[in-house]
Amino acid sequence: MSERGLNVGYAPVRLGLRENIGQFGLLVVINAFVGAMVGMERSILPAIAHEDFQLAARTAILSFIAVFGVAKAVTNYLTGRAADRGHRKRLLVAGWVVAVPVPFMLMWAPSWNWVLAANALLGVSQGLTWSTTVIMKIDLVGPERRGLAMGLNEFAGYVAAALSAFATGFMAAHIALRPEPFYLGVAFVVAGLGLSLFARETSEHVAVESGNTTAPRRAQGIFWHTTLGDRNLSSVSQAGFVNNLNDGMSWGLFPLFFAAAGLNLTQIGTLAAIYPATWGIGQLVTGPLSDHTGRKWLIAPGMWVQAAGIATVITFATFGGFAMGSALLGVGTAMVYPTLLAAIGDVAHPTWRASSIGVYRFWRDLGYAAGALITGIAADALGMDAAMWLVAALTFGSGVIVAVRMHEPRREPGQGLLVLLRGRG
C-alpha cells in the first residue's frame, strides 16, 4: 500500500494491513475472546431466568439485555472520547479487568439482581474492549482497507460468540445450567487479558493519517453531528440502533420462542449459534466487498434481509424454518455490521473518528435496551409473534431510511461494483 510513514522513536509508523499484520492479527484474536464472553450467555440465560429464578414475564427475563445495552452504550461513548485523547491500550486492558468477576457472578448468583449486575459489568467491559479493538484496527489499516479490517474484526467476534453460545448450550443440556458453562468465561477472561498486555498503542498511526486526509477537522458538536447533522453518519447511527434492536430481540425472545415450540436446550443452542456464525463468516465477504462496491447498497438491502429472516422464523414454526430464518438474519447482519463501521471511517476525520465511532456505538448498543424493552412489553401484551412482527417492520423501515437519506461515502452507487466485475477492483 502507498500510505505515508512517520518516524516515532526508532521505527517508522506506516498505515496498512500488511504493514501492521502482527498487531492487527493480535487484535483479531483478542476480539474473538471479547465475542466469546458475550456469546456464553446467548443460549442459556433466558432458561436460567425461568428455571432458577422463576421469572415468567418476558419483560423481566429480557431485563438483563436492557441493562447490558445501556451499560455498553454509555461506555462506548466514553471510550470513543477517551480514545481520541490517546491511551487506547489502557482502555483495552481496563475492559478485561472489569470482566474478571462476570463469570463468577453468573455461576453463583443467588438472585436475578446479581445477574443484572453481572450484565452491567459485561456491558462496560464490552464497551471498552470491543470499541477499542475497532478503533485500533481502523487506525492501523488506513483508508483503503477499512471494510476488510472491520469484516475481519467482526468475523472474529461473532464466530467466537457463536461457538461460545453452542458450547454453553451443549454443557447446559448435558451437565447443568450452572455453574459449569461459565467456567468457559473464566478461561476467556484470562486469555483476553493476557493477550491485551502485548497490544501496542496506535495513536501514532492517527498522526500519520491526519496529515493526509481531506475530511473536515470538526472538533465540536461531534455527538449531534453524528446523531443528526451529517446525512451519512446519522443514517449509520439509526441503522445501527435498529440492527441491535432486532439483535436484542433475537437474543432474549428467540430462545423463549423456540422453547415454546418444543425445542430442547441442545437445539436452542444450535439455533443460537447459527445466527452469529452466519453473521461472522459472512463478514469475511461483505467487509472487503464494501471497499469495492461502496457502503450504501450493502446497508439498506442488509436491513431488508434481516426483516425477511425475522419473518421466516415467525412463519415457519419448525426447527428447519427457525434455522433458515436465523441464517437469513445472519446474512443481513453480515451485510450491515462491518459496512456501518467502515462508513464512519470514510466520513470522520482521524482526530475525531474515535469519538464519532463512540457516538455510533452508543446509539447502536442502546438498541439492545430498546429491543429488550419493546419486545418484552409487546410480547407480554400481545404475544411473541406480534412483538417479532413489530421488530421486523422497524428493521425494514430502517433500510428505507438508509436508501433515501444516505449518500454513498466512497464513490457513486454501483460504480465500484462495475469496476470489480471488470477486474479492476
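The values are calculated or read from the model by the stated rules, or taken from the named source; none is laboratory data. Predicted model only: the values in this text are computed from it and were never measured. As a convention, Cβ positions derive from the backbone with ideal geometry for all residues, glycine included, and neighbour counts pool all protein chains shown.
Worth pointing out:
- Meets criteria (farther than 26 Å from D139 by Cα and not hydroxyl-bearing (S, T, Y)) for W304: yes
- Here T75 meets each of (1) part of a helix (DSSP H, G or I); (2) surrounded by fewer than 23 Cβ atoms within 10 Å (Cβ to Cβ); (3) polar (S, T, N, Q) with one exception, condition (2).
- Identity of the residue in segment 82-98, under 13 Å from W352 (Cα atoms) and over 19 Å from the mean Cα position of the chain (by Cα), that ends up surrounded by the fewest Cβ atoms within 10 Å (Cβ to Cβ): R85
- Count of residues meeting criterion [surrounded by 15 or more Cβ atoms within 10 Å (Cβ to Cβ) and under 21 Å from L17 (Cα atoms)] in segment 170-199: 3
- For the criterion of being over 17 Å from the mean Cα position of the chain (by Cα), in contact (Cβ under 8 Å) with a residue 24 or more places away in the chain and surrounded by 23 or more Cβ atoms within 10 Å (Cβ to Cβ), G127 fails.
- Count of residues meeting criterion [among the hydrophobic types (A, V, I, L, M, F, W, C) and buried (at least 22 other Cβ atoms within 10 Å of the Cβ)] in segment 50-65: 4
- Test: T227 is surrounded by fewer than 22 Cβ atoms within 10 Å (Cβ to Cβ), of a type in the set (S, T, Y), in a helix (DSSP H, G or I) and at pLDDT below 90: no
One line per residue, one yes/no per condition, for (1) at pLDDT 95 or above; (2) closer than 21 Å to D365 by Cα:
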position	(1), (2)
A109	no, no
L121	yes, yes
M150	no, yes
S164	no, yes
